[in-house]
């Protein structure tokens, strides 16, 4: 799949996760609407669905990583944009069976945060993902196994 399609997939997945977080609706149903509006290709929609399902399946473990690597920013107080961008990137890097390269995942997450978040969101997301990357390299980077 082309990089542009993967970016569109990540945007759609983020939007669905964000909407679900704010409304309490299922992310999958939010993605139905987002995918229609974005006119994603079949492959791009399938990738977005895999991301949304993966974040949902590993949400507790992903949030545990966030709490561990950003202890000064409780999830309950974190901006919804930042939190969902981070969840998506952490899923891709630590849990996905076809992980994105670390640099790609960080760059994509920072761009999403800059585009949808506050003035400081890009720096915040970059810092948290940098801490996760550093910890992963210090710990010999082991992918997290599904629960």
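The values are calculated or read from the model by the stated rules, or taken from the named source; none is laboratory data. A quick note: this is a predicted structure, and the numbers were derived from the prediction, not measured. All Cβ positions, even for glycine, are placed from backbone atoms using ideal geometry, and neighbour counts span all protein chains on display.
Summary table
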read-out: Looking only at segment 16-57, and only at residues there that are in contact (Cβ under 8 Å) with a residue 60 or more places away in the chain and under 21 Å from residue 110 (Cα atoms), the one that is surrounded by the most Cβ atoms within 10 Å (Cβ to Cβ); value: 17
read-out: Residue under evaluation residue 34, criteria (1) closer than 19 Å to residue 137 by Cα; (2) modelled with pLDDT under 95, criterion not met; value: (1)
read-out: Residue within segment 94-107 that is within 18 Å of residue 20 (Cβ to Cβ), in a loop (DSSP other than H, G, I, E, B) and touching a helix residue (DSSP H, G or I) at 6+ places or on another chain (Cβ under 8 Å) present; value: no
